[in-house]
1. Say we look at the range 289-329 and pick out the residues that are surrounded by 20 or more Cβ atoms within 10 Å (Cβ to Cβ) and under 18 Å from residue 154 (Cβ atoms); which of these is farthest from the ligand (Cβ to nearest atom)?
2. Within the group 105, 92, 121, which residue is without any contact (Cβ under 8 Å) to a residue 12 or more places away in the chain and more than 21 Å from residue 46 (Cβ to Cβ)?
3. Exactly one condition in (1) closer than 28 Å to residue 270 by Cβ; (2) surrounded by fewer than 16 Cβ atoms within 10 Å (Cβ to Cβ) is not met by residue 421; state its number.
4. Please work out if residue 349 is away from the ligand (no atom under 16 Å from the Cβ) and within 30 Å of the chain's Cα centre (by Cα).
5. Within the range 331-345, count every residue that is in contact (Cβ under 8 Å) with a residue 24 or more places away in the chain and either in a loop (DSSP other than H, G, I, E, B) or basic (Lys, Arg) (or both).
6. Do any residues in the range 406-434 that are free of Cβ contacts under 8 Å to residues at least 40 places away in the same chain have Cβ atoms under 7 Å from those of residues that are crowded, with 16+ Cβ neighbours inside 10 Å and polar (S, T, N, Q), where the two are at least six apart or on different chains, and which pairs are they?
7. Within the range 259-288, which residues are surrounded by fewer than 16 Cβ atoms within 10 Å (Cβ to Cβ) and either more than 16 Å from the ligand (Cβ to nearest atom) or more than 28 Å from residue 354 (Cβ to Cβ) (or both)?
8. Looking only at the range 413-431, filter to residues that are of a type outside the set (A, V, I, L, M) and farther than 24 Å from residue 251 by Cα; which one of those is farthest from the chain's Cα centre (by Cα)?
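Derivation of every value follows stated rules applied to the coordinates shown; laboratory data play no part. Since we're looking at a predicted model, the values are computed, not measured. Quick reminder, even Gly has a Cβ in these numbers, built from the backbone with ideal geometry, and neighbours come from all protein chains shown.
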Amino acid sequence: MKPINVGLLGIGTVGGGTFTVLKRNAEEITRRAGRPIQITVVADKNLELARQMTGGACRLTDDAFAVVADPEIDIVIELIGGYGVARELVLKAIEHGKHVVTANKALLANHGNEIFAAAQKKGVTVAFEAAVAGGIPIIKALREGLTANRIEWIAGIINGTTNFILSEMRDKGLSFEAVLKEAQRLGYAEADPTFDVEGVDAAHKLTIMSAIAFGNSMNFDKVYIEGISKLEAVDIRYAEQLGYRIKLLGITKRTSEGVELRVHPTLIPEKRLIANVEGAMNAVLVKGDAVGPTLYYGKGAGAEPTASSVIADLVDVTRMHTADPEHRVPHLAFQPDAMVDLPILPMSEVITSYYLRLRVEDKPGALADITRILADQQISIDAMIQREPDEGELQTDIIMLTHKTREKNIDAAIGKIESLSVVKGKITRLRLEELL
Ligand code: HSE
């Protein structure tokens with residue numbers, strides 16, 4: 001049968017992996033897709049690199065705009081990244097009636113509403129399995145496998161760099177800075193790690209999952225984002241003493257007041273499977289009303305794991321290439337005219353539990369003053385430990401876990417507690433989720 005023709009834009013790590021896996025598994029992929037999938041042309045600024053990666057197996061060009069307009073091409077794979085030229089190319093490809101496969105989470109989180117509307121109008125598909133959690137088929141699971149469910153919440157470890165850093169901090173008792181340096185030396189963290197360590201990459205992926213889970217528009221500008229760069233090793237230790245691990249979670253939850261959309265370091269009970277996801281691995285926990293909690297685990301980055309998702313999309317698009325656009329799986333799981341605009345809750349209105357670490361003078365009445373302020377804000381204490389002060393030490397650490405409360409109440413209590421003369425310096429506040 002006539003092959004489907006693919007134009008690949010950007011042949012870096014993932015592009016190379018896509019080439020390798022498509023070639024290695026060509027026979028099985030063809031049996032699944034119903035026809036061969038062939039990368040016909042590769043566009044890259046670095047033609048020499050493109051030559052090396054493709055081994056002369058296809059046409060090469062440095063003009064990506066020519067590829068998206070090429071009448072021979074049926075599907076365009078966008079692996080350029082960012083949302084400048086990548087956005088223009090994707091919109092041009094759609095305009096020319098091409099289907100698009102992309103791994104670009106930043107592009108979809110920021111411009112997904114525009115891109116999916118354009119694709120819908122033109123009757124083409126924009127597939128993006130590789131944009132969230134690399135090789136884990138989480139988009140397919142959310143959009144199709146869980147389609148019977150009212151999805152209640154999603155909590156995911158969706159950034160491998162930060163999970164690697166947190167695992168190392170816990171294992172070795174090292175500071176964030178020390179582990180980051182080592183991770184950069186080993187090539188696990190980027191030279192500029194800001195997007196990863198400050199939670200932006202996770203927020204991109206969370207935005208996409210939230211839209212599919214609730215049939216809501218993409219709301220990247222409303223995500224509450226807090227990274228791990230300020231996290232101290234001492235809090236990882238105290239959390240462990242209390243039976244918790246700290247993970248950078250992307251959380252989205254449907255509540256009667258709106259949708260929670262937040263990325264922050266989170267204490268989770270160590271007995272949860274997801275608490276034991278270590279190193280650069282990713283995992284996404286999805287709670288559906290019918291199925292209950294489900295967990296998806298795997299590699300969130302890397303050449304072949306990400307290529308696994310890119311090729312899954314290529315096969316999907318190939319299978320439905322000739323199908324009537326009305327009868328395809330909708331981009332965001334819900335039919336385009338059934339999408340809604342649910343409000344995103346400001347962080348001050350989010351309800352969760354908290355971990356507090358306070359440095360206090362070790363004298364009678366200190367604890368009573370603190371608990372009085374918490375009680376006045378209707379905040380109930382769930383567990384508490386006090387570090388045994390060293391010989392002659394006049395101050396100590398108190399660590400408290402609270403029951404659920406609204407973020408604005410804990411903020412008000414923290415302000416008041418910090419102004420007590422027995423309390424020294426700033427209180428460390430982390431959020432805690434039971435994930436039940
Ligand atoms: N930089 C990401 C991570 C992988 O560390 O997980 C690509 O999204």
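1. In this case the residue turns out to be 309.
2. Working: 105 fails: without any contact (Cβ under 8 Å) to a residue 12 or more places away in the chain; 92 fails: without any contact (Cβ under 8 Å) to a residue 12 or more places away in the chain.
Among 105, 92, 121, only 121 is without any contact (Cβ under 8 Å) to a residue 12 or more places away in the chain and more than 21 Å from residue 46 (Cβ to Cβ).
3. (1)
4. yes
5. Count: 9.
6. 409/377; 412/377
7. 270, 271, 273, 276
8. Restricting to residues being of a type outside the set (A, V, I, L, M) and farther than 24 Å from residue 251 by Cα, the top hit is 421.
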